[in-house]
Amino acid sequence: MSVPKLAIQKVSKNFGAMTALAATDLTVARGEFICIVGPSGCGKSTLFNLISGVLSPDSGQILIDGHDVTGKSGHVGYMLQKDLLLPWMTVIDNIVLGARLRGSVSHAQRKEGAVLAERYGLGEFIDHYPASLSGGMRQRVALMRTLAMKPDVMLLDEPFGALDSQTRLSMQQWLLTVWAEQQSTVIFVTHDIDEAIYLADRVVVMSPRPGRVQQILPVDLPRPRLLSSLTSSSFTLLKRQILDLIYNDHAAQESPING
Ligand SMILES: Nc1ncnc2c1ncn2[C@@H]1O[C@H](COP(=O)(O)OP(=O)(O)O)[C@@H](O)[C@H]1O
Ligand SMILES: [Mg+2]
C-alpha cells in the first residue's frame, strides 16, 4: 500500500477545560477530495489549524507523505474561513501575497500569478482592486492566492459560504476543474451538504461537543461531476444518510417543535 498523502493519528486539542477536538483519525490519499461537514463549533477550523501547524495538538501526530509535520507550518496551502483580500492591493498583488510575506516576490512568481489569473478567468482584472470585483471573483482571487503557493495539499475552510447559490454552483464547477488540473489533494469544510456531495470523493461527518469524526461516507458519483449528479437517486440517498447522522446526533439536545 502506498503512503497516504495525509495521515491524522489520534490528534486532539483542548482549549482550557474544553475539548475542541477529541482524538481524531483521518487518512487522505494523494489526489483525493475530502469534504468535512458538521455543526458550528465542532472543531472543523481547529482541525485545519492543527493540520497547517497554526496550532499544536495536545496529543497525536500529523504526517504528510509519511513525514511527521506535527506543529510545523509551511506544508499545506490554507485558505482561512475569513480569507480577506487586501483592499489596497491589486488582484495580482493579492495573488502573490504569500510570496511577499515570505520575503520578496520574484519576477517569475509575478508572472506565474498572472498566468494563474489568465487560466482561471481573471486575466483582464489583474490590475483591478478587490472592490471592483464580484463576490465570486473575489473568492477566486483568494483561492488563487492559495494556489500560487503550489501546495500539494489544500485546506479550504467554507470558501463559498458567503456566495449566492448560483455563483456558488459555478465556483464549485470551477474548483473541480482546478483540482483536476493541479492534481492536488483537497480538504474542504462546508455547512452545505449538497456542496459536500457534489465535490467530494468522501464526506466526513463530524459531531459536536467534543468534536470527532462520526462517520465517513464514500460518494459513488462518476467524475466529472455533472449538474445531473445533483438530482440522481444516489445523490438523494446519500444526502438522506448524512442528514440522518447530523439530526439524530442533535435530536437528544433539541426539544420538539410541534405539539
Ligand atoms: N483559539 C481558541 N481559543 C479558545 N477556544 C477556541 C479557539 N478556537 C476555537 N475555539 C473553540 O473551539 C470550538 C471549536 O471551534 P472551531 O474549530 O472554530 O469550530 P468550527 O470551525 O467547527 O465551527 C468552539 O467551541 C470554539 O469556540
Ligand atoms: Mg469554522
Exercise. Of a type in the set (Val, Ile, Thr), touching a strand residue (DSSP E or B) at 6+ places or on another chain (Cβ under 9 Å), outside any loop (DSSP other than H, G, I, E, B) and within 30 Å of VAL96 (Cβ to Cβ): does that describe ILE197?
Worked result: no
Exercise. Can you spot a residue in the stretch 182-193 that is more than 16 Å from ligand 1 (Cβ to nearest atom), assigned by TED's automatic domain parsing to the domain that holds THR236, closer than 29 Å to MET149 by Cα and assigned to a strand (DSSP E or B)?
Worked result: yes
Exercise. Restricting attention to the stretch 133-150, and to residues there that are within 22 Å of ASP164 (Cβ to Cβ), aliphatic (A, V, I, L, M) and part of a helix (DSSP H, G or I), which single residue is farthest from the chain's Cα centre (by Cα)?
Worked result: MET137
For this session: Could you please tell me which pairs satisfy a Cβ distance under 8 Å, a separation of 6+ or placement on different chains, a first residue in the stretch 46-62 that is within 15 Å of ILE187 (Cβ to Cβ) and assigned by TED's automatic domain parsing to the domain that holds VAL11, and a second residue that is buried (at least 17 other Cβ atoms within 10 Å of the Cβ) and of a type in the set (Asp, Glu)?
Result: PHE48/ASP157
Exercise. Assuming ILE193 fulfils every condition listed in (1) within 20 Å of CYS42 (Cβ to Cβ); (2) at pLDDT below 95; (3) of a type outside the set (Ser, Thr, Tyr) apart from one, which condition is it?
Worked result: (2)
Problem set entry | Wholly within the stretch 1-119, helices (runs of 4 or more DSSP H) carrying at least 3 residues that are under 19 Å from the mean Cα position of the chain (by Cα) | 44-51
Exercise. Of all residues in the stretch 129-179, how many are charged (D, E, K, R) and surrounded by fewer than 17 Cβ atoms within 10 Å (Cβ to Cβ)?
Worked result: 2
Exercise. Is there a residue being at positive phi and more than 15 Å from ligand 1 (Cβ to nearest atom) anywhere in the stretch 37-58?
Worked result: no
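I'd like the full set of residues that are small (Gly, Ala, Ser) and more than 16 Å from ligand 1 (Cβ to nearest atom), limited to the stretch 1-36.
SER2, ALA7, ALA29, GLY31
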For this session: Scan the stretch 1-58 residue by residue and report those that are of a type in the set (S, T, N, Q), in contact with a Leu (Cβ under 6 Å, 6 or more places away or on another chain) and over 17 Å from HIS75 (Cα atoms).
Result: SER12
Exercise. Which condition breaks for ILE92 when tested against (1) within 16 Å of ligand 1 (Cβ to nearest atom); (2) crowded, with 20+ Cβ neighbours inside 10 Å?
Worked result: (1)
Problem set entry | Hits in the stretch 26-69 (condition: crowded, with 20+ Cβ neighbours inside 10 Å and away from ligand 2 (no atom under 16 Å from the Cβ)) | LEU26, VAL28, PHE33, PRO57, ILE62, ILE64
Exercise. Got a number for residues in the stretch 177-215 being at positive phi and hydrophobic (A, V, I, L, M, F, W, C)?
Worked result: 0
For this session: Look through ARG168, ARG209 and report the one residue that is over 30 Å from VAL11 (Cα atoms) and among the basic types (Lys, Arg).
Result: ARG168
Exercise. Within the stretch 26-40, can one find any residue that is of a type outside the set (A, V, I, L, M, F, W, C) and within 14 Å of ARG212 (Cβ to Cβ)?
Worked result: yes
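The values are calculated or read from the model by the stated rules, or taken from the named source; none is laboratory data. Bear in mind that the values here come from a model prediction, so they are computed numbers and not experimental data. No Cβ is skipped: glycine too gets one built from the backbone with ideal geometry, and neighbour counts run over all protein chains shown.
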